[in-house]
Amino acid sequence: MSETIIRDVKARLVYNSRGEETIEVDVIVGRSLGRAAAPAGKSKGGKEVFYYPEGGVEEAVKIVNDNLSRILKGVDASNIVNVEDALRRYDESIDCRKIGGNTVFAISLATSIAASKEIGIPLYKYLKITDDFKLPLPLGNVIGGGKHAGRGAPDWQELLSIPLEAPNIKLAVKANFKVHEYTGKLLDKHLGGFTLGKGDEGAYAPTTTTEKGLEILREAVDKVSDELGFKIGLGVDVAASSLWDPREKMYVYSTEGRKLTREQQIERVLEYVDRFNLCYVEDPLEEDDFDGFSEIVESLKEKAIVCGDDLIATNPAILREAIKKKSITGLIIKPNQVGFLTRAIEAAEISRRENIVPVVSHRSGEPPEGYLTHLAVAWGGKILKAGIVGGERVAKINELLRIGEEIGFEKIARL
Ligand code: 2PG
Ligand code: MG
């Protein structure tokens, strides 16, 4: 028997960074323990798989402990495909409705961690699809709004910083922390009385408009850029499905107190890209508007990456459609949107082949560990979207520094 045989699998209920129940799984491979919990989204896309079976986390835990554990014991974990094939045979649905995508994710990740430990290699090597390891550029949420923040915060969900031309990962990481810190000072100066409150991902959640937030972030990014001597970019996640009212067919801006038609929304996005020199725009339109995305890609040309999150939901089949329609130039990869790591890997492979920038991403509700960074390096992610402050975000950022120690701090991805 190979040393990479699964000996035991056990699940339990724990909590994520938002205080929501989530599933955690322990897997023993040979003599090594792998432990992983699943994240959860709040601005969740309609095309994501079911996170849990009917009955929620408790039911998922029961299914693992009563049934899946028995099925998985004895499976060779030297390749994650074996493990996920066994799970697929148990739940043949495409949307993971029987066992839940988060259950699959936690089992697969825990198995990968255990197997990599047992083999004696880092996780990013166990799950690799490339040998040319690069450190992804950290994309960090500085000012938050939308569903991640309270009433009165910016309507767009995330105003982001990305250290585009940092010479090495140490300075890249430092840049985002500095931008975050300086933005806090500017918010205090410009918005008297702001409590420095934070949203779900550790980003400031001020009571102000997207426009004012972008003005402030532009100032912070420019100052830190000058100080550190390299270009830092500004990006946004509009998370436009959260604004979209399908009955009225309007984008509803609650903080601004206005509604935009689809055409006005496109105009607004293009205007802000120019005015604030945005280099990254995620989900500028609601999740079914492939043609609208294509229009934006066509208008922006090389100016900014147009990234699909809810539009694709990490689904390889939808990704192929979007590529055909030229709807995106970047892809958010969130493994728990599809449950299976192998499907996320397929999406990553397609995007690499088709020159779509792979952006490996956290969720707004995260477990406190840093494994996501290994997935990003393993899958050739050019960007790691993992927030800036907050323990569960910093864990991912610190992992960039640790992997940098192994492969070289200057081995940084370029867009
Ligand atoms: C997003 C994410 C993470 P959520 O929209 O990109 O920032 O949010 O996890 O709530 O879907
Ligand atoms: Mg998003």
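The values are calculated or read from the model by the stated rules, or taken from the named source; none is laboratory data. Quantities reported herein were computed from a predicted structural model and do not represent experimental measurements. Glycine also receives a Cβ, built like all others from the backbone with ideal geometry; neighbour counts cover every protein chain displayed. What goes into the accessible areas is simple: the full protein's heavy atoms, side chains included, and nothing from ligands, DNA or RNA. Shrake-Rupley method; radii C 1.70, N 1.55, O 1.52, S 1.80 Å.
Considering only C-alpha atoms, what is the centroid distance from region 22-37 to region 315-349, in Å?
The two parts, judged by their Cα centres, are 26 Å apart.
What net charge is computed for the residues neighbouring residue 90, neighbours being all others with C-beta under 15 Å from the C-beta of residue 90, Lys and Arg scored +1, Asp and Glu -1?
Within the 15 Å Cβ shell, the charges total 0.
Can you give the accessible area per residue of the chain, in Å², using a 1.4 Å probe? All intermediate terms of the calculation are to be shown ahead of the outcome.
Values: 15940 Å² over 415 residues.
So the chain comes to 38 Å² accessible per residue, rounded to a whole number.
I need the phi-derived Karplus couplings for region 44-55: 6.51 cos²θ - 1.76 cosθ + 1.60, θ = phi - 60°, integer Hz, Gly and Pro marked x.
Each residue of region 44-55 in turn: 7, x, x, 9, 6, 6, 5, 6, 9, x, 4, x Hz.
With unit charges on the beta carbons (Lys and Arg positive, Asp and Glu negative) and the dipole taken about the Cα centre of region 137-407, which residue among 195, 208, 330 sits farthest to the positive side?
Working it through, the farthest residue towards the positive pole turns out to be 195.
Near the amide H of residue 357, under 5 Å away, which other amide H atoms are found, from residues 5 or more places off or on another chain, if H is placed in the peptide plane?
330, 331
How much of the accessible area of region 6-120, in percent, comes from carbon and sulfur atoms when a 1.4 Å probe is used?
On region 6-120, the fraction of accessible area on carbon and sulfur atoms equals 47 percent.
At a 1.4 Å probe radius, carbon and sulfur cover how many percent of the accessible area of region 137-407?
Carbon and sulfur: 47 percent of the exposed surface of region 137-407.
Assuming a ≥ b ≥ c are the square roots of the Cα gyration tensor eigenvalues, decide whether region 107-259 counts as rounded (a/c under 1.5), prolate (otherwise, with a/b larger than b/c) or oblate. Walk me through the numbers before you get to the answer.
On the way: a/c = 2.42, a/b = 1.45, b/c = 1.66.
Oblate, since a/c reaches 1.5 and b/c is not below a/b.
Using only Cα atoms, find the angle between the long axis of helix 80-90 and the longest principal axis of the chain, and express it within 0 to 90 degrees, rounded to the nearest 10.
The helix 80-90 is inclined about 80 degrees to the chain.
If we sort 55-63, 366-374 on the protection proxy, mean other Cβ atoms within 10 Å, highest first, what's the order?
366-374, 55-63
Return the long-range amide H neighbours of residue 412 (sequence gap of 5 or more, or a different chain), with a cut-off of under 5 Å between placed amide H atoms.
135
For region 197-293, which GluC sites (Glu not before Pro) are both in a DSSP coil and crowded by at most 13 other Cβ atoms within 10 Å?
Details: sites: 201, 211, 215, 219, 227, 248, 256, 263, 267, 271, 282, 286, 287; in loops: 201, 248, 256, 286, 287.
The qualifying sites are 248, 256.
Helix 210-228 sits at what angle to the longest principal axis of the chain, using alpha carbons and giving 0 to 90 degrees rounded to 10?
80 degrees
With a 10 Å radius around each residue's Cβ, average the other Cβ atoms per peptide and rank 111-121, 382-392, 69-79, highest first. Show your work: numbers first, answer last.
Working: 111-121: 21.1, 382-392: 23.8, 69-79: 16.5.
My ranking of the peptides, most packed first, is 382-392, 111-121, 69-79.
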